[in-house]
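*Asks:* The structure is given below, and queries will be raised subsequently.
The values are calculated or read from the model by the stated rules, or taken from the named source; none is laboratory data. Everything numeric here is computed off the predicted structure, so don't read it as measured data. Glycine also receives a Cβ, built like all others from the backbone with ideal geometry; neighbour counts cover every protein chain displayed. These area figures cover heavy atoms from the full protein model, side chains too; ligands, DNA and RNA do not enter into them. Shrake-Rupley method; radii C 1.70, N 1.55, O 1.52, S 1.80 Å.
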Amino acid sequence: MTKTVLTIDDSRTMRDMLMMALVDAGYRVIQAVDGVDGLETLAAEGADVIITDINMPRMDGFGVIEGVRADPNHRATPVLVLTTESDAAKKQRARDAGATGWIVKPFDPAKLVDAVRRVAA
């Protein structure tokens, strides 16, 4: 069965790059433009893995992680953070909120797919 990945990023370019890498690897991809849209899309469509940016309007990635973890239906859904941030305190904050992993932009498509495969297993 095809796994679904929800990508949440306010950059259209980044969403397009994620879409290409993941669709090529055989995933179904649904997209959201910010954290609020992401949680609404997750509630409507569900996902096996979530990839979220940190810095976005309306709701940031920390809010997304907290929202996912607060939802009993998605408490165990893996959340990968994809961001330009490499700050250790932000990484720790994401881990504390319940993030599964951290990928720094610009990302290597093969490594991204590998990370998704590992957490989706």
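*Asks:* Output the residues belonging to the range 22-54 that are outside any loop (DSSP other than H, G, I, E, B) and buried (at least 21 other Cβ atoms within 10 Å of the Cβ).
*Replies:* Those that are outside any loop (DSSP other than H, G, I, E, B) and buried (at least 21 other Cβ atoms within 10 Å of the Cβ): 22, 32, 35, 38, 39, 42, 49, 50, 51, 52.
*Asks:* While we're here: Name the residue, out of 23, 5, that is touching a strand residue (DSSP E or B) at 6+ places or on another chain (Cβ under 8 Å) and touching a residue at least 60 places away in the same chain (Cβ under 8 Å).
*Replies:* 5
*Asks:* Counting only residues that are in a helix (DSSP H, G or I) and among the charged types (D, E, K, R), which one in the range 1-21 is least open to solvent (accessible area, probe 1.4 Å)?
*Replies:* Per the stated criteria, the residue is 15.
*Asks:* Taking the conditions exactly as written (touching a strand residue (DSSP E or B) at 6+ places or on another chain (Cβ under 8 Å) and free of Cβ contacts under 8 Å to residues at least 24 places away in the same chain), does residue 40 satisfy them or not?
*Replies:* It is true that residue 40 is touching a strand residue (DSSP E or B) at 6+ places or on another chain (Cβ under 8 Å) and free of Cβ contacts under 8 Å to residues at least 24 places away in the same chain.
*Asks:* Here's something else I'd like to know. Take the range 61-92 and flag every residue that is part of a loop (DSSP other than H, G, I, E, B) and out of contact with any strand residue (DSSP E or B) (no Cβ under 9 Å at 6 or more places or on another chain).
*Replies:* Selection gives 71, 72, 73, 75, 76, 87.
*Asks:* Mind checking which pairs have a first residue in the range 97-110 that is assigned to a loop (DSSP other than H, G, I, E, B) and at pLDDT below 95 and a second that is of a type in the set (Val, Ile, Thr) and open to solvent by 70 Å² or more (accessible area, probe 1.4 Å), Cβ under 7 Å, 6 or more apart or different chains?
*Replies:* Every condition considered, the pairs that remain are 105/84.
*Asks:* Another question, then. Those residues that are under 16 Å from residue 79 (Cβ atoms) and either modelled with pLDDT under 95 or of a type outside the set (Val, Ile, Thr) (or both), I need them from the range 7-30; list them, please.
*Replies:* 9, 18, 22, 27
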